[in-house]
1. I need the full set of residues from region 1-33 which are of a type in the set (D, E, K, R), surrounded by 11 or more Cβ atoms within 10 Å (Cβ to Cβ) and either modelled with pLDDT of 95 or more or not in a helix (DSSP H, G or I) (or both), in order please.
2. Restricting to region 1-38, give me the number of residues that are touching a Ser or Thr at 6+ places or on another chain (Cβ under 6 Å), within 21 Å of ASP51 (Cβ to Cβ) and not β-branched (Val, Ile, Thr).
3. Just wondering, is there one or more residues in region 47-65 that are open to solvent by 70 Å² or more (accessible area, probe 1.4 Å), of a type outside the set (Ser, Thr, Tyr), assigned to a loop (DSSP other than H, G, I, E, B) and modelled with pLDDT under 95?
4. How many residues does region 17-55 contain that are more than 9 Å from the chain's Cα centre (by Cα) and within 18 Å of ASN4 (Cβ to Cβ)?
Amino acid sequence: MGNNKITDYVSENMKTIYAYALNRLSNYTDAEELTSDIILALLSSGDKLKDDDAIYGFVWAIANNTYKKFLSK
């Protein structure tokens, strides 16, 4: 999958990613920071996705891992 497809997916689902972060943290400022971290992680690792059909699991695995890293800060 090219970076253009992951960029399109992220831009279409920013509200969902933010809702995920807000649901986890319940603090608007922290949720915005986590959302930024998730989007950055997605954009930087988008070239690792080999199958377009696996994008949903890929996105949420990265979101979950980024959330765990955020908690350890």
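1. Step one: of region 1-33, the residues of a type in the set (D, E, K, R) are 5, 8, 12, 15, 24, 30, 32-33.
Checking which are surrounded by 11 or more Cβ atoms within 10 Å (Cβ to Cβ) leaves us with 5, 8, 24, 30, 32-33.
Result: ARG24, ASP30, GLU32, GLU33.
2. Residues in region 1-38 being touching a Ser or Thr at 6+ places or on another chain (Cβ under 6 Å), within 21 Å of ASP51 (Cβ to Cβ) and not β-branched (Val, Ile, Thr): 0 in total.
3. Yes: one or more hits.
4. Number satisfying all stated conditions: 12.
The values are calculated or read from the model by the stated rules, or taken from the named source; none is laboratory data. Quick caveat: nothing in here was measured; it's all calculated off a predicted structure. Because the Cβ atoms are built from the backbone with ideal geometry, glycine has one as well, and the counts that use them run over all protein chains shown. The area values use the complete protein model at the heavy-atom level, side chains included, leaving out ligands, DNA and RNA. Shrake-Rupley method; radii C 1.70, N 1.55, O 1.52, S 1.80 Å.
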